[in-house]
């Protein structure tokens, strides 16, 4: 949700970590760094003076994806503190992306990024087929590759998720599924497990909420 308040300021959320920010309207369209996660962001251009009504059908092109998130947001509305839709390029592919800030069971919040995009693959017979790739990601904090490898090998805490170092030495947890093969129960489980494990790993690495 992005809107312009009565003081002519833009209120928006970081698409990487969900951090809420307020900036002067004249800065709209400029780039900067989120003060929390330090990732580069673009300040949205916005003229509305009231919060937008969120509609997943305007975020995701895939009807099934829109329905999955609508069912999720209807069920967990009290836990969703922020929602920010955008298009993000991941591995050269334009993803429909929704960054949400989710209240966790540790009485704090965590940013989870959900993305969906069509992919094309070639079968053994040489035929090309299309499927929709659904990705879930949360960022933990900055860490070296050596420290991450040692931590993962020592604790085995990454569960069903992939752990990797992204831009600016950021420790990420992610999981990818085919949209065609996922149902609501699995969608819900992934979002909450990702948030829960993100908090647990953050506690183990940094002793608390640092991201």
Subject >> Pairs, first in the same structural domain as residue 135 (by TED's automatic domain parsing) and surrounded by fewer than 17 Cβ atoms within 10 Å (Cβ to Cβ) in the range 97-112, second part of a loop (DSSP other than H, G, I, E, B) and at pLDDT below 85, C-beta under 6 Å, six or more apart >> reply: 108/209
Original post:
Condition test on residue 143, is it at pLDDT 80 or above, crowded, with 16+ Cβ neighbours inside 10 Å and farther than 26 Å from residue 56 by Cβ?
Top reply: yes
Subject >> Hits in the range 159-174 (condition: surrounded by fewer than 16 Cβ atoms within 10 Å (Cβ to Cβ) and assigned to a strand (DSSP E or B)) >> reply: 162, 164
Original post:
How many residues are surrounded by 11 or more Cβ atoms within 10 Å (Cβ to Cβ), farther than 20 Å from residue 170 by Cα and at pLDDT below 75 when one looks only at the range 1-27?
Top reply: 5
Original post:
Under the condition of being part of a loop (DSSP other than H, G, I, E, B) and surrounded by fewer than 16 Cβ atoms within 10 Å (Cβ to Cβ), which residue from the range 28-37 is modelled with the highest pLDDT?
Top reply: 35
**OP:** Please identify the pairs in which a residue from the range 155-170 that is in the same structural domain as residue 197 (by TED's automatic domain parsing) has its Cβ atom under 7 Å from the Cβ atom of a residue that is modelled with pLDDT under 80, counting only partners at least 6 apart or on another chain.
**Re:** 158/152; 163/148; 163/152; 165/145; 165/148; 169/144
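The values are calculated or read from the model by the stated rules, or taken from the named source; none is laboratory data. What you see is a predicted model; the values in this text were computed from it and never measured. In this analysis, Cβ positions are derived from the backbone assuming ideal geometry, glycine residues included, and neighbour counts consider all displayed protein chains.
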